[in-house]
Amino acid sequence: MPVRRLCLVLGDQLSFDLASLADLDPQRDAVLMVEVMEEATYVAHHPQKIALIFSAMRHFAQALQERGIIVQYVALDDPLNTGSVPTELQRWHASLQAEEVHATECGDWRLEHSIRECGLPLVWHSDTRFLCSREEFAKWASGKIQLRMEFFYREMRRKQRLLLNSDGTPVGGAWNFDADNRKALPKKVSAPYPARFAPDAITRDVLELVRERFASHYGSLDNFDYPVTHEDAQALWQYFLDYGLAAFGDYQDAMAMDEPFLFHARISAALNIGLLDLRQLCSDVESAYWSGGVALNAAEGFIRQLIGWREYVRGVYWLKMPDYADGNSFGNTRALPEFYWTGQTKMNCMSQAIGQSLEHAYAHHIQRLMVTGNFALLAGIAPKEICEWYLAIYMDAFDWVELPNTLGMVMHADGGYLGSKPYCASGQYIKRMSDYCGSCAYKVKESTTEDACPFNSLYWHFVMRHSNLLRGNQRMSMVYKNLDRMTEAKQDALWQRGESLLSKLDAGEAI
Ligand code: FAD
Ligand code: SF4
C-alpha cells in the first residue's frame, strides 16, 4: 500500500519532537533514515564522529520502531544503498509510492540545497529545536551593518525569560558576567573525568564498520566512550550538573596539560544531533542557580553559550550562506600545516590541543579559539583549509555551527560581520590561561630569538601586515599604540622572525 508521508530523519535530527515527525500516523506514514557515503566523506570526518552518528541513528531507529513507527533504515553496507541522501529519497519515494516527503531544515546549506533540487514533493518544516527561527533572525539582523552577539543574547534572554527579575531586568544587575569567567586554573584544582559510556553491541558493530571503511581518516577510534542514546546523553548532562557546572564559570577559559575536558560539559555533539533538548538544558541550569547550587557567573556563562553564541552563529550562517563560505577578507593563501593532522609540532600548546582532538574528537572552546584558531589566524592560513579541518576533526562539527565559528570568529574572514575584532593574541595570553608554556621547547618570554615562542612574532607580524585593514578598528587602537611605541629595530626583528617562521611553514617544515 502506498504511504502517505515519507518523513526524512537525518543523522543530526535524532529528536522525538522533530518537526517533521509531528502528526506522524504510524498506520499510514513511514520514516526514512540513511547512512550514506557522501555525508561520511565530503570531508574526512574523524572516525569517532562517524561512529557516533551511525550508532545514534541505529539506536534512534530502534526507539522509533519500539513506538510502533515504520522505519526504512538503510545501512552503509546495504548493497542497494545509492550513497547520497537525495538519491535514497528518490529511491524510497518511488518504491513506497509516497504522496509527500516531509523534511526538517538541514544543518548544512549544501545538503539542504541538494535535497531541495531533487524534484520530489517536499514539505519543509522549521527546525523548532532552536529558539530563534531563520526568519526571526533575519528580521533581527535586518538593517544592521554589523551584528553583535551581546544584543541578540539579551533578546533571547528576554524571550525565554531566563535569569530575569520579575520586572524583566537581568538577575544580578548585569546581562553578562564574562569578566568573572577568566580565572587561570590553580595548581591544586583537578577536573572530574567526564562520564564514560561503554559501547553496546550496536555501537561495537558500527565501530567495526567505521574501522574498515574509514581507515584513511585522521583520528583515533580507540576508547570511544560517548553517549549514543537519549538516556545516556541525559546521564552525561546530569554528570556535568553534579560535578562540572559550579566550576565552569570561573575556569571556562582555562587550559591545562593532559586535561582535555576540565569543567566543560562535553555535550555539544549530543546536543547537535538531537539527543539533548536545549530548553531543558537552560531550565536545569537556571534551576541550579535559583536553588543556590551554582554561582551566577557559572549559570549565566553557560546559558549565554547556549542561547547566545549557539543561536547567533546559526542565525548568521543561514542569513549569509552560501556566499559566507567564500569569505577571505585578509586574502590568506597559506596551506594548512601538516602538523594540524598529526600534532607533531614543538609548540606545546598546539601539540596538546591537536593531540587531544585526534584522540577524543574534542577540544574546548578556548583551545579552538585561542590556540589552534589563533595560530591559523596569525599564520594567514587559507580560510577554506582551516574550516575544513575544524569540520573534519570535531565530533560536534556541523556546517551551521563550525563555519561561522571558524571563518567568522577565528579567522575574521567575513570582514567583521560576526565579531567586532579578530581574536588575535601573543603567547602571553596562552601563558596566562594555561600551564603549557612551562613544558614547551620555545620560550614564551622571547619574541625574536631562534627559541622564541612563535605566537609572539607571528602576532606582531599579523598586526603589521594587516595594518591597513585593522588600524582604524577602535577595539584594536591599543594594539597599534603599542606597535607605534616600538623602535624600528624591534619592529624589524619581529617582522624577520615572523617571516622566517612563515617560510618554514611554506617549505612544509614543522615548527
Ligand atoms: P561547553 O564549554 O561546556 O559549553 C556549553 C555549550 O555551549 C556547548 O556544548 C555548545 O553547545 C555551546 N557553545 C559554546 N560556545 C559556542 C559557540 N561559539 N558556538 C556554538 N555553540 C557554542 N561548537 C559546536 O557545537 N560545533 C562546532 O563545529 C564548533 N566549532 C567551533 C570552531 C571554532 C573555531 C570555535 C572557536 C568554536 C567552535 N564551537 C563549535 C564552539 C565550542 O567550542 C564548542 O561548542 C564547545 O567547545 C563544545 O564543548 P562542550 O560541550 O564541552 O562546551
Ligand atoms: Fe605555546 Fe608559545 Fe607557550 Fe610554547 S611558549 S606553549 S608555543 S604559547
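The values are calculated or read from the model by the stated rules, or taken from the named source; none is laboratory data. Note that the structure is a prediction, hence the values are computed from the model and not measured. In this analysis, Cβ positions are derived from the backbone assuming ideal geometry, glycine residues included, and neighbour counts consider all displayed protein chains. When the accessible area is computed, the model is the full protein with side chains, heavy atoms only, and any ligands, DNA or RNA have been set aside. Shrake-Rupley method; radii C 1.70, N 1.55, O 1.52, S 1.80 Å.
Assessment of the stretch 42-56 against the conditions (open to solvent by 30 Å² or more (accessible area, probe 1.4 Å), assigned by TED's automatic domain parsing to the domain that holds Trp109 and farther than 23 Å from Cys118 by Cβ) yields at least one matching residue. For the stretch 210-225, the candidate set comprises residues that are hydrophobic (A, V, I, L, M, F, W, C) and surrounded by 18 or more Cβ atoms within 10 Å (Cβ to Cβ); within that set, the residue that is nearest to Tyr42 (Cα to Cα) is Phe214. The condition of being over 24 Å from Ser329 (Cα atoms), within 10 Å of ligand 1 (Cβ to nearest atom), open to solvent by 10 Å² or more (accessible area, probe 1.4 Å) and outside any helix (DSSP H, G or I) holds for Tyr362. Considering the stretch 420-440, and only residues there that are closer than 30 Å to Lys188 by Cβ and among the charged types (D, E, K, R), the residue that is nearest to ligand 2 (Cβ to nearest atom) turns out to be Lys431. Return the residue satisfying two criteria in turn: it lies in the stretch 370-386 and is assigned to a helix (DSSP H, G or I) and open to solvent by 10 Å² or more (accessible area, probe 1.4 Å), and of such residues it is farthest from ligand 2 (Cβ to nearest atom). Here the residue is Lys384.
When restricted to residues that are more than 13 Å from Cys7 (Cα to Cα), assigned to a helix (DSSP H, G or I), open to solvent by 20 Å² or more (accessible area, probe 1.4 Å) and touching a residue at least 40 places away in the same chain (Cβ under 8 Å), the stretch 71-129 contains 3. Looking at the structure I just gave you, is Lys144 open to solvent by 50 Å² or more (accessible area, probe 1.4 Å) and either free of Cβ contacts under 8 Å to residues at least 24 places away in the same chain or under 23 Å from Leu276 (Cα atoms) (or both)? When the stated conditions are applied, Lys144 passes them.
Just name the residue that is nearest to ligand 2 (Cβ to nearest atom) out of those in the stretch 441-478 that are hydrophobic (A, V, I, L, M, F, W, C), out of contact with any Lys or Arg (no Cβ under 9 Å at 6 or more places or on another chain) and more than 22 Å from Leu501 (Cα to Cα). This residue is Met478. Residues in the stretch 215-244 that are in a loop (DSSP other than H, G, I, E, B), in contact (Cβ under 8 Å) with a residue 40 or more places away in the chain and either within 16 Å of ligand 2 (Cβ to nearest atom) or aliphatic (A, V, I, L, M) (or both): Leu221, Val228.
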